[in-house]
Each structure stands twice: as C-alpha cells, then as structure tokens.
Amino acid sequence: MKNRIDVIAQEESYSNLASFNDIELMNKAVRKYRDVITVSVKRADVQKRLIALLEILKRHSCKQIGVSYMSKNTIAKKLELSYKTVQRLMKKLVDLGMIRQVEMKRKKNMLQTANAVIILPIKEEVTNKQPAKKSKKCPTIKTTSSSLKQLINNTKRNNSVKLSSANFIAHWVPKSFAELTRYFYSEAKAIEEFWKVVKQCNRVVDHMNGLRAFTEDQELEIGVQAFKEFVMKIKSGAKMIKGEFAYFNGIVNNLMDKLYFDDAFMSR
C-alpha cells in the first residue's frame, strides 16, 4: 500500500524544505560528496554518473537553496540516461546520505508530481540548535548545604565525563583532510595518525634551511590522494599484514617518490 502524500508542490513548501542558508555551504557539501563518491564507489562509470547527477541537482537548487524539483524524466534527458538508471542513481545518493527525496502532490488535483530532492548538509553542519529561552520569572529554590555540595560533585563528575569522551581533531590536521577521513573514521586519534604518516613521509631535503621535499599545499594534495587510494585498496580486499597505518605509509611513500620527479606537480 502506497504511503499518503501530504506535501503540496508549491513555493512555500519548497522554501520550508530548504536545507542551506547560503549557496556556498551547499557547494562545499557537494564538493565533499564528490570526494566521497570517488573513494567509496568502485566503478568509474557509476562514479561519473553520480557526480553528474549531483551537479545537476546542485545547479537547480539555487532558488530554494538545497531543494530541486526537476522530474526524473527531465534529468534522464539531460544526462542521456534511462529513467530506471536515474532512479537507481538517486537511490544510491540516498543510501550514501547525500540527498533525501520528498514525495509531492499537485495543488490543483492532488495527484502525485515530481519529488522534491533535498541535498543534505554535511553531518558536522547539521546541528543548528537555538539557545533555550530564559523565563522571565525564576522561582526561588531552597538548597541545603549538603544538597549544594552534592550538586557541585555531580557537576564536576558530569563535566569530566563529557571532556573524556570529547573527540576533537587536533588543529594541526588540515581541515579538508580531516573532513575526508572523518567520513570513514570517527576517532580523532586515527585521523591524526593518518596525517602524521603524511608529515613523516615528507622528509627534509635541505637541513640548513629546514626545507622539506614538498610544500604544505603539495603535502595536503598528496595526503588526500593517498587516502582515497587507501580506501579503494580496502574496498578491493587488500591484506594489511603490518596494519593500516603501515599500509597507508607505503602508499604515501610511493606517491611522493613518483611526484617528486613530476615537473608539472613540483612547479605548482
């Protein structure tokens, strides 16, 4: 039995579904999702189609930022794909947590029309809680010295628990590298360890001036590229006898050895 459709296709509904306040935030989310697709989807042809679909959705989500309402038939014509293929690609983006589809009905006859497709914000940016309103009147609460002492002890204990479970990534890990790795690793310690591997592989070549083989920008580009390759190796079932960080170290070293003699890369 089909679910009841409650949302009417009209401008007010689309505005209420808007997922971003700023176009640049939407663009940033799409850029990150493109990187995720590159490392998490094996087939190159599927990668290309998913990214093309995401770009079309982005380009048609500027009026109500993050929301597009183009029909799948129209998208299929633009991408020169079949309707069924577009359906499968949409489902893949939903499964990856990048978009959400909302069924809509026409106001005129209440029949179903094209779904609204919402590009979802990056997970870290979803939380947008409003501060709690302070009440104008605050009733006086009598507190005994013993209960006050207990309250202080409880507060200290709760604060210590919150701090011990906090999972912040160190400031010295570049933001773009942290965002990419966080999609696959939730522990800050693991993400920091991956970046340490990149830093250690970028060896000093001029000890007098402390110059390293690669600049910070080149180092970051290599780190991102190496991590994408690392994820693809994991997905292909590669055996990591000495552990994941040792395996990642090998990928970074091989990439640096290759790029160090690449004039086009080194001249950037």
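Rounded to the nearest whole Å², what accessible area per residue is found for region 192-268 with the 1.4 Å probe?
With all protein chains present, region 192-268 gives 63 Å² per residue.
State which entries of 63/107; 58/233; 72/107; 84/108 exceed 25 angstrom in Cα-Cα distance in the structure shown.
58/233; 84/108
Say a paramagnetic label sat at a point 7 Å from the Cα of residue 51, along Cα to Cβ; which residues of region 17-32 have their backbone N under 12 Å from it?
31-32
Could you pull out every residue, at least 5 positions away or on a different chain, whose amide H is within less than 5 Å of the one on residue 212? Hs are placed 1.01 Å off N in the peptide plane, and Pro or chain starts have none.
205
Find how many whole Å separate the alpha carbon centroid of region 205-261 from the alpha carbon centroid of region 77-111.
Measuring centre to centre over Cα atoms gives 39 Å.
The values are calculated or read from the model by the stated rules, or taken from the named source; none is laboratory data. These numbers were taken from a predicted model, which means no experiment stands behind them. Neighbour counts run over all protein chains shown; Cβ positions are idealised from the backbone, glycine included. The accessibility values were calculated without ligands, DNA or RNA, using every heavy atom of the protein model including side chains. Shrake-Rupley method; radii C 1.70, N 1.55, O 1.52, S 1.80 Å.
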